[in-house]
Amino acid sequence: MSWSIVCAVADLQPGQHRVIDVDGTAVVVFNLDGAFFALEDVCTHDGGQLTGGCVDGDEIVCPRHGARFSIRTGAALTPPAYDATAKFPVRVSAAGQIEVRDDRWD
């Protein structure tokens, strides 16, 4: 799989996130104090979007039923979700672009 450009580093400030399509999958990229993390934008409890929920430290709270997921690992932290959401590799290119790759099927 190839790397997909999210945006320039300067365009995703700490505390912000951005959703992009990566090979047909909605992926949300977070900036946590200058470190970038990417998760599939889906709650494993019911398939709803995670974005729209609040970010609390390094966790995102599903807006539908309140399940919490680790932004760093994708792990489900509270019911009603029990399964992790997919995590994606993230890098910053030499040109200063945040890039993400869907390598789940490699």
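For the chain, the list of Cys residues with no other Cys C-beta under 4.7 Å reads C7, C54.
Checking (i) -0.52, -0.66, -0.70, -1.14; (ii) -0.28, -0.46, -0.54, -1.58; (iii) -0.30, -0.49, -0.56, -1.32 against the coordinates, the calculated log10 I(q)/I(0) by the Debye sum over Cα atoms at q = 0.11, 0.14, 0.15, 0.24 Å⁻¹ falls under label (iii). Among DSSP beta bridges whose residues both lie in the chain, state the antiparallel percentage, nearest 5. Antiparallel bridges: around 95 percent, rounded to the nearest 5. Roughly to the nearest percent, how much of the accessible area of the chain is carbon and sulfur, given a 1.4 Å probe? Using a 1.4 Å probe with all protein chains present, the chain comes out at 48 percent carbon and sulfur.
Within the chain, the longest segment free of exposed loop sites, counting chymotrypsin sites (Phe, Trp or Tyr not before Pro) that fall outside DSSP classes H, G, I, E and B and have at most 15 other Cβ atoms within 10 Å, spans 1-81.
A 1.4 Å probe run over the chain, with the rest of the protein chains in place, finds 50 Å² accessible per residue. Using Cα pairs closer than 8 Å and at least 6 residues apart in sequence, work out the relative contact order for the chain, in percent. Computed over the chain, the figure is 27 percent. Specify the inter-centroid distance of the range 11-29 and the range 49-98, based on alpha-carbon positions, in whole Å. A separation of 11 Å, based on Cα centres.
The values are calculated or read from the model by the stated rules, or taken from the named source; none is laboratory data. Please read all numbers here as calculations on a predicted model, not as lab measurements. Don't worry about glycine lacking a Cβ; one is built from the backbone with ideal geometry, like all the others, and counts go over all protein chains shown. With ligands, DNA and RNA removed, areas are computed over all heavy atoms of the protein, side chains included. Shrake-Rupley method; radii C 1.70, N 1.55, O 1.52, S 1.80 Å.
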